[in-house]
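Heads up: the structure comes next, in structure tokens.
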Amino acid sequence: MKKFFTFAAMLIAAVSINAQEPIPVTCAEAAAAMPAQSGDETADVYIVTGYITNTNGTISKGQQTFYMDDVKGSQKTLQGYWCNLPTEEVEANHPLNVGDKITLTGKILNYNNTPEIKNGDVVILERATVKIDTIEVSVCEALEEGSSLNDKDYSDDVFRVFGRLKGTDAVNNNGQHTFEMACGDEIFKPYNCNGAEGLELGKGDSVKVTGKLYNYGGVIEISNGTVELIEKSGQEEVIIEATVSEAVAAVMALEKGAKTDDRYAVTGFVDSIATPYDEGYGNISFFMTDNMDAPTYDFEAYRVSVTPQQAEKIVLGVKVTVTAALQRYYKAATETLDEIDLAETVAGGSLKFAGESAVINVNNDAKSLKTIENGQIIILRDGVRYNMLGTEIR
């Protein structure tokens with residue numbers, strides 16, 4: 001009997017530990033509780049009370065992103081990243097606004113040294129009385145207004161920005177649109193904006209983009225706003241056919257971080273997989289080359305949209321054509337990482353198989369061994385060495 005009661009007491013204690021109440025803290029205390037290592041999160045769950053100090057004022061799939069502080073103002077002490085709003089607020093389309101007092105419950109994450117609660121739960125304590133104006137502007141006026149914002153800040157007012165697409169439109173798996181609009185050499189970027197179902201946008205189309213302006217590292221955006229088509233451009237799209245080396249040359253002629261206005265159909269061989277097929281997003285990333293005997297690893301087909309059946313066929317040596325706009329991805333060197341200056345396709349490109357393969361498929365009982373020598377794939381079969389094109393190496 002004593003053993004039974006001891007076990008029962010241990011079980012109750014374990015349940016109590018697992019069901020412990022969230023720890024109540026201020027925004028400042030939540031920031032102090034952030035783990036030291038980037039990417040780590042706390043073991044404990046916290047319930048943080050504070051005021052909304054910065055937000056895009058947009059609900060997406062029942063969630064919203066915002067910053068909090070212990071007093072009303074503009075201090076960004078804790079970020080709530082795509083956190084869950086109360087059902088009734090979502091159904092009424094009542095997003096959080098600057099000045100609202102809330103509690104936010106979740107674990108505290110160190111996201112690049114920013115304290116953050118991701119996908120936490122929001123309870124609204126007080127609503128602030130705010131008047132949000134909607135201002136109609138051109139692309140040039142939006143850029144001028146957005147340049148007055150601090151980095152990672154949203155505008156207080158909502159803007160309707162009228163203009164034309166500078167280049168192509170990238171659509172993610174959620175049907176959200178990302179593209180560029182221009183005022184001279186300056187770029188305005190609608191990012192992950194929602195449009196009508198089946199909306200197709202192309203270079204030169206006239207659109208209206210609605211949302212709060214956002215300064216993202218000096219790039220002025222409307223993030224998670226809405227986009228409406230006003231008028232098709234009437235221009236027929238020209239897709240430029242290119243080899244891998246031609247695509248790399250075109251990209252390296254761009255400014256760092258820039259992308260092409262036109263789409264390219266780039267044909268080459270898959271020489272390595274950068275990121276395996278992701279079932280959730282339906283995409284895969286891989287490097288391409290013109291010659292499997294001398295892979296260059298300077299062109300990445302980035303997050304290409306494929307079906308599971310296509311993904312199974314994307315193997316070393318298969319010849320493919322990827323159609324997408326091109327971009328020059330640049331990241332400066334740090335103390336621990338080398339500089340990255342890479343040509344790649346814009347995410348969301350399409351793929352077709354070119355009907356050729358540099359991989360030799362042998363259907364008999366002889367054994368073969370595949371190795372890598374000096375960066376080159378070598379197939380050893382019956383004592384003879386072949387490259388990926390099937391040429392005997394002496």
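The values are calculated or read from the model by the stated rules, or taken from the named source; none is laboratory data. Here the structure is a predicted model, which means the values were calculated and not measured. Using ideal geometry, Cβ is built from the backbone for each residue, glycine included, and neighbour counts are taken over all protein chains shown. Calculation scope for accessible area: heavy atoms of the full protein, side chains included, ligands and nucleic acids excluded. Shrake-Rupley method; radii C 1.70, N 1.55, O 1.52, S 1.80 Å.
General remarks:
- The condition (being assigned to a loop (DSSP other than H, G, I, E, B), on the phi > 0 side of the Ramachandran plot and of a type in the set (Gly, Ala, Ser)) is satisfied by just one residue among 211, 257, 202, 167: 257.
- Flag if residue 125 is of a type outside the set (Asp, Glu) and open to solvent by less than 40 Å² (accessible area, probe 1.4 Å): no
- Selection count where residues are surrounded by 22 or more Cβ atoms within 10 Å (Cβ to Cβ) and of a type outside the set (Phe, Trp, Tyr), scope region 263-282: 5
Every residue, every condition in (1) within 23 Å of the chain's Cα centre (by Cα); (2) farther than 20 Å from residue 76 by Cβ; (3) aromatic (Phe, Trp, Tyr), yes or no:
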| position | (1), (2), (3) |
| --- | --- |
| 124 | no, no, no |
| 150 | yes, no, no |
| 157 | no, no, no |
| 173 | yes, yes, no |
| 193 | yes, yes, no |
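- All positions within region 281-306 that are part of a loop (DSSP other than H, G, I, E, B) and under 18 Å from residue 346 (Cα atoms): 281, 282, 297, 298, 306
- Pair list, Cβ < 7 Å and 6+ apart or interchain, from region 327-341 residues that are assigned to a loop (DSSP other than H, G, I, E, B) to residues that are open to solvent by less than 70 Å² (accessible area, probe 1.4 Å): 339/332; 339/333
- Some residue of region 18-37 being crowded, with 18+ Cβ neighbours inside 10 Å, of a type in the set (Val, Ile, Thr) and under 29 Å from the mean Cα position of the chain (by Cα): no
- The residues of region 201-238 that are over 15 Å from residue 180 (Cα atoms) and open to solvent by 70 Å² or more (accessible area, probe 1.4 Å), listed by number, are 230, 231, 232, 234, 235, 236, 237, 238.
- In region 136-157 there is at least one residue matching the filter, namely being part of a strand (DSSP E or B) and open to solvent by 80 Å² or more (accessible area, probe 1.4 Å).
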